[in-house]
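Notes for the one structure printed next.
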Amino acid sequence: MKVVLPDSSELELPDGATGLDAARAIGPKLAEQAVLVRSNGDLRDLRLPLQNGEQIQILTTRDKHDPDALYVLRHSAAHLLAEAARRLYPGTKVAIGPPIENGFYYDFEFPEPIGEEALERLEEEIRREIAEGREWERREVDRDEARRYFEEEGEPYKVELVDTADGSLSFYKQGDFVDLCRGPHLQNSKPIKAVKLLSLAGAYWRGDETKPQLTRVYGTAFYDPKDLEEYLHRLEEAKRRDHRRLAKDLALVDFSELAPGMPFWHPRGMVIWNVLEDLRRRENAKRGYHEIRTPQLYDSDLWRTSGHWDKFRENMFTLEAEGHEYGLKPMNCPGHCVLYGQTPHSYRELPRRLAEAGNLHRNELSGTLHGLLRVRHFVQDDAHIYCTPEQVEDEVLGCLDFAFYLYELLGLDVRAELSTRPENRLGTDEEWDKAEEALAAALERQGLAYRVSEGEGIFYGPKIDMHMSDSLGRSWQISTIQLDFQMPARFGLTYQGDDNAEHTPVMIHRALLGSLERFIGIYLEHTGGDLPLFLAPEQVRVLPVSDPYRADAESLADDLRVHGFRASVDEREETLGRRIRDAELYKIPYVVVWGERESLDALALRRRRGEQVTVSWEALLSELQSAAKV
RNA sequence: GCCGACGUAGCUCAGCUGGUAGAGCACUUCACUCGUAAUGAAGGGGUCCCCGGUUCGAGUCCGGGCGUCGGCUCCA
């Protein structure tokens with residue numbers, strides 16, 4: 001048989017040859033350094049046979065930054081961790097330990113709870129294993145043998161995996177540790193030049209809250225110690241972009257133990273908020289939305305009608321007055337439905353687009369709160385569109401167009417996701433077919449690449465979501481466009497059709513920036529706090545070089561304010577260098593120094609990131625004007 | 001909510017085996033009147049997260065609670 005190498009040359013091999021055989025046929029060095037065979041994107045263990053005619057690439061320790069090569073390395077490192085855990089903490093039961101982005105983890109049930117100091121012990125043991133040397137042996141096993149083995153070893157989680165796995169099973173053995181594993185793995189532990197265990201966490205077995213909670217040990221590994229250093233360095237860097245840090249340092253937002261998960265917006269933060277609010281209002285008006293305002297607190301009857309009392313009560317803040325139960329609204333839609341139902345509607349006035357940036361409260365689990373990205377009190381740039389079934393596709397397209405107008409304005413890249421019918425749902429399959437088709441059609445018409453998340457839709461309809469990542473690469477939902485066939489019916493909403501009969505409208509829920517809190521948080525991480533001019537809380541700061549120039553500086557700032565800019569003067573009796581530094585730390589886009597030289601006729605204009613330019617006053621104004629345009 | 005860690009001045013942090021709390025930055029005052037990222041000096045500032053316990057004595061040890069961080073679950 002023969003295989004095709006990356007340079008298109010062909011390699012003759014005996015039938016049944018493995019990846020390792022192929023490597024040996026090419027050269028002993030390659031065979032020694034080989035870690036993995038890649039064939040058409042498939043990762044295959046070196047010990048497995050190749051197929052006649054297939055194209056293969058042999059990855060080696062020199063592919064130290066290749067994600068697939070790292071994947072194998074980390075997978076093997078996870079096995080070393082399991083071996084270490086079993087040796088150091090006898091009686092430990094092992095669950096699963098896959099490689100993940102940037103590292104690996106392994107889930108264990110320890111006989112006694114372990115603390116963070118265990119990480120060092122485990123790491124030390126792994127290093128000892130590597131120093132000693134480990135070889136991985138692969139062996140196909142049948143189900144009975146595998147089950148028997150793990151039963152004897154007292155590994156109930158592995159037994160469960162044997163029973164639920166499909167396809168053929170294999171064992172990987174290194175040292176005295178045998179794991180049920182599909183592979184692929186390294187030949188031996190030599191390439192693992194750097195391992196670090198990073199953190200400890202609880203994780204439910206199979207991700208199921210009702211099952212026992214295991215202890216998850218997170219770690220990472222590299223082919224090169226330098227890469228580990230760099231990785232740890234990058235984590236440090238990411239911390240500097242953390243919106244919680246920036247929000248505090250830039251005096252935008254703060255928190256208090258007295259209101260967990262509920263931000264305090266300081267004046268500078270409020271400027272950003274208001275600019276986004278103005279943008280929202282202006283664009284909504286342009287696009288045929290009507291602004292409304294609905295109550296904050298509703299009788300529980302409303303939540304019973306909407307279905308939230310059953311499905312969402314745990315997450316609602318409730319209270320009681322005069323024997324009535326009330327719930328603080330976690331979303332605007334039920335209120336909007338009440339408002340829609342307060343007047344009769346003709347098909348001629350649909351679509352009816354109702355917008356409200358209402359204050360929402362959700363009693364999120366304490367452990368899930370996360371700065372501005374996951375809060376208990378928030379405001380969405382929310383709107384609900386009531387329309388006929390025929391209008392759905394165009395309306396969704398309108399929402400997408402609106403959303404992408406915003407992304408472009410803000411310089412954002414988002415990932416689109418279409419979530420389809422969940423198992424637990426209301427409505428008929430025909431309704432779902434139509435709804436999913438309408439969303440997909442709108443996505444195609446917008447020319448958007450999107451991922452389909454099967455079964456991730458909401459019980460009342462499918463949705464399109466847009467996601468962005470934070471500084472550590474964690475994904476957060478920003479926009480959502482949801483179809484809803486259920487709530488209008490539950491509220492008995494109607495419109496009169498051209499057939500003179502009453503029909504139930506379709507409802508589209510849409511929030512484009514999502515929650516303003518989350519949006520501002522993630523946008524701070526996205527920009528590292530260097531906001532575009534139109535969002536900067538303070539756009540220009542004028543620094544008089546010394547006392548005699550103060551009056552001039554004041555009138556310059558006045559002039560800028562007349563032109564609509566947020567400008568101030570730093571009048572403190574500090575050195576110029578100090579005042580420049582402070583302005584830079586606040587990430588103020590334009591810093592204007594005013595002294596003798598400028599008073600003659602030019603301006604020294606200093607921008608952040610050290611860029612310093614001298615321009616005329618008129619040139620500065622027009623530069624500001626074009627940069628501030630939204 | 002669950003697992004682990006953490007909580008000391010506005011911020012970043014030090015504070016040993018229990019003996020009555022400290023630094024840098026920030027802030028205030030004074031001097032300097034300044035040319036593109038920190039002028040100098042002096043001063044003020046603490047419920048050591050909260051409640052309880054052990055102890056002659058608790059920031060320090062123990063128990064409970066709250067909050068924060070990293071995960072898990074959840075995210076209509």
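All of the numbers you see were taken from the coordinates with simple rules; none came from a lab. Keep in mind the model is a prediction, meaning the values are calculated, not measured. All Cβ positions, even for glycine, are placed from backbone atoms using ideal geometry, and neighbour counts span all protein chains on display.
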Exercise. Hey, rough spin-label estimate for A:Glu229 and A:Tyr405, points 7 angstrom out along Cα→Cβ, what's it come to in nanometres?
Worked result: 5.1
Problem set entry | Net charge over other residues, Cβ less than 10 angstrom from the Cβ of A:Phe255 (K, R count +1; D, E count -1) | 0
Exercise. A:Asn52 versus A:Phe110, label points 7 Å from Cα toward the beta carbon: distance in nm?
Worked result: 5.4
Exercise. Residues of segment A:106-143 with amide nitrogen under 20 Å from the 7 Å Cα-to-Cβ point of A:Glu151?
Worked result: A:141-143
For this session: Could you tell me the convex hull volume per residue, in Å³, taken over the Cα atoms of segment A:82-237?
Result: 123
Problem set entry | Potential lengthening between A:Glu237 and A:Asp208 on full extension [0.36 nm per residue; Cα-Cα distance subtracted] | 7.1 nm
Problem set entry | Two-site FRET efficiency, A:Arg607 against A:Phe312, from Cβ-Cβ distance with R₀ of 45 Å, rounded to 0.05 | 0.40
Exercise. In nm, to one decimal, how far is the modelled label at A:Val4 from the one at A:Ala627, with both set 7 Å along Cα→Cβ?
Worked result: 5.4
Exercise. Which angle between 0 and 90 degrees, to the nearest 10, do you get for helix A:550-562 versus the longest principal axis of chain A when only C-alpha atoms count?
Worked result: 90
Exercise. What 222 nm value per residue comes from the helices of chain A, counting each DSSP H run with n ≥ 4 as -39,500 (n - 2.57) and dividing by all residues, nearest 500 deg cm²/dmol?
Worked result: -11000 deg cm²/dmol
For this session: For A:Thr614 and A:Glu571, calculate 0.36 nm times their separation in residues minus their Cα-Cα distance, and state this gained length in nm to one decimal.
Result: 13.3 nm
For this session: Taking a cut-off of 15 Å between Cα atoms, list the aspartates and glutamates near A:Lys93, but don't count ones fewer than 8 places away on the same chain.
Result: A:Glu83, A:Asp107, A:Glu109, A:Glu112, A:Glu151, A:Glu152, A:Glu153, A:Glu155, A:Glu160, A:Asp176, A:Asp179
For this session: Convert each backbone phi in segment A:75-82 into a coupling constant with the Karplus relation 6.51 cos²θ - 1.76 cosθ + 1.60 (shift: θ = phi - 60°), then list the ³J(HN,Hα) values in order as whole Hz, x for Gly and Pro.
Result: 4, 5, 4, 4, 5, 5, 4, 5
Problem set entry | Sequence-distant lysines (8 or more away, or on other chains) whose Cα lies within less than 24 Å of A:Lys629 | A:Lys286, A:Lys587
Exercise. For chain A, what percent of Cα pairs sit more than 35 Å apart?
Worked result: 58
